[in-house]
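K.L.:
For reference, the structure I am asking about is given below.
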Amino acid sequence: METKQWYMEYKIHKNRPGLLGDVASLMGMLDINIVTINGVEDRTRGMLLQTNDDEKIDLMGKMLRKVDNITITALREPKLVDILAVRHGRYIERDSDDRKTFRFTRDELGLLVDFLGEIFKRDGNQVVGLRGMPRVGKTESIIAGSVCSNKRWNFVSSTLLRQTVRSQLSEEEMNPNNIFIIDGIVSTIRSNEKHHALLQQIMDMPSTKVIEHPDIFVRDSEYTYDHFNYIVELRNTPDEEINYEAITNGINDY
């Protein structure tokens, strides 16, 4: 049987001496390998496990659910948020209503870069929206995530160096393995016919596109939120309001 990874998480009710050793010993007897282990949030431990026998995972789960000192809260094939939770020791905040929306603050840039890097490693069509006020670190995080995924990035539109509005890209730049960075405000407010044609071509490519200011992009284009696989929000502080009027006024000042 194929070797697979699993994510297990349990809440600790009484952290008695030897508890982790007992759990690890059970896994050892079942020939289940611990790939990564870390504390996740308060009194919660997460593990990435590996085995070639799904029945052993099922059996281990049933046995650990009989242990009084812990409660199994997750036992599943790992999602991206699980892998990052074990790696960083905390879960990424997600919108309770829109589960494809993930929230970060500026002091979590390391976690955000890791999150984007893991997304960028995947092949095929992906569209990521990135909300945030100016100078919060949006573009820098995208570039750092591209570096982590060992992929080249291309600016299709941007305000990083005044305003960039590309009307064509070279054959090398049009490689579907590249990361395409689009400023949703610049591409709609400052767009021309050639830029719009290039934008449509890129959106149709089996590649990763990251669109800053996705709400303006959706409002002023033919695309909808259904085109997005992920929406990321980046704030200076958790309670900061993302004010698009201030952002668009700033763009019009150029």
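K.L.:
Multiply the residue gap between Arg43 and Lys11 by 0.36 nm, knock off their C-alpha separation, and tell me the result in nm, one decimal place.
P.N.:
Values: separation 32, 0.36 × 32 = 11.52 nm, distance 0.60 nm.
That works out to 10.9 nm of additional length.
K.L.:
Out of residues 5 or more away from Thr164 or on other chains, whose amide H comes under 5 Å of its own, with H placed 1.01 Å from N in the peptide plane?
P.N.:
Under 5 Å from the amide H of Thr164 lie the amide H atoms of Ser158, Thr159, each far enough along the sequence or on another chain.
K.L.:
Identify which of the listed values of Rg and Dmax of the Cα atoms in Å was calculated from the structure shown: (1) 21.8, 68; (2) 18.6, 60; (3) 18.6, 56.
P.N.:
Answer by label: (1).
K.L.:
Given a 1.4 Å probe and every protein chain left where it sits, what share in percent of the accessible area of the stretch 84-241 is carbon and sulfur? Don't skip to the answer; put the middle values down first.
P.N.:
Working: 3320 of 7460 Å².
Solvent-exposed carbon and sulfur of the stretch 84-241 make up 45 percent of the total.
K.L.:
Report, to two decimal places, the Cα Rg of the stretch 29-177 normalised by 2.2 N^0.38 Å (N = number of residues).
P.N.:
Numbers: Rg = 19.8 Å, N = 149, 2.2 N^0.38 = 14.7 Å.
Ratio of Cα Rg to 2.2 N^0.38 Å: 1.34.
K.L.:
A further question follows. Mind ranking Tyr10, Tyr230 by accessible surface for me, highest first, 1.4 Å probe? Before the final figure, lay out each step's value.
P.N.:
Values: Tyr10 0, Tyr230 40 Å².
From most exposed to least exposed: Tyr230, Tyr10.
K.L.:
Let me ask another. Does anything in the stretch 4-47 have its amide N under 14 Å from the 7 Å Cα→Cβ label point of Lys121, and if so which residues?
P.N.:
Once the point is set 7 Å along Cα→Cβ of Lys121, 5, 36 turn out to lie under 14 Å by backbone N, inside the stretch 4-47.
K.L.:
Counting only residues 5 or more places away or on other chains, whose amide H sits under 5 Å from the amide H of Asn38 once H atoms are built in the peptide plane?
P.N.:
The list, which skips near neighbours in sequence, is Gly46.
K.L.:
A further question follows. In Å², and per residue, what accessible area does the chain have when probed at 1.4 Å with the other protein chains present?
P.N.:
Numbers: 12920 Å² over 254 residues.
Solvent-accessible surface per residue comes out at 51 Å².
K.L.:
Next up: Express in nm, to one decimal, how much length is gained between Asn236 and Arg99 on full extension, taking 0.36 nm for each residue of separation and deducting their alpha carbon distance. Intermediate results must be reported in sequence, preceding the final value.
P.N.:
Numbers: separation 137, 0.36 × 137 = 49.32 nm, distance 2.17 nm.
Fully extending the segment from Asn236 to Arg99 adds 47.1 nm.
K.L.:
While we're looking at this one, here's another question. Between Thr36 and Met63, with labels modelled 7 Å along Cα→Cβ, what's the label distance in nm to one decimal, could you check?
P.N.:
Taking the two extended label points, one gets 2.5 nm.
K.L.:
Among 46-52, 165-171, 107-113, how do they line up from the highest to the lowest mean number of other beta-carbon atoms within 10 Å? Write down the numbers at each step before the final one.
P.N.:
On the way: 46-52: 19.4, 165-171: 13.4, 107-113: 17.4.
Going from most to least packed, we get 46-52, 107-113, 165-171.
K.L.:
For the chain, what does the relative contact order come out to in percent, with C-alpha contacts under 8 Å and a separation of six or more?
P.N.:
19 percent
K.L.:
Could you run the Karplus curve 6.51 cos²θ - 1.76 cosθ + 1.60 with θ = phi - 60° over the stretch 190-203 and give me ³J(HN,Hα) per residue in whole Hz, x for Gly and Pro?
P.N.:
Whole-Hz 3J(HN,Hα) from phi for the stretch 190-203: 9, 6, 10, 4, 5, 5, 4, 5, 5, 4, 4, 5, 5, 5.
K.L.:
Can I ask one more? If ligands, DNA and RNA are left out, what is the accessible area of Leu64 with a 1.4 Å probe, given in Å² to the nearest 10?
P.N.:
10 Å²
The values are calculated or read from the model by the stated rules, or taken from the named source; none is laboratory data. Just so it is clear, the structure is predicted and the values come from calculations on it, not from any experiment. For neighbour counting, all protein chains shown are included, and Cβ atoms are generated from backbone atoms with ideal geometry for every residue, glycine included. Only protein heavy atoms, including side chains, enter the accessible area calculation; ligands, DNA and RNA are left aside. Shrake-Rupley method; radii C 1.70, N 1.55, O 1.52, S 1.80 Å.
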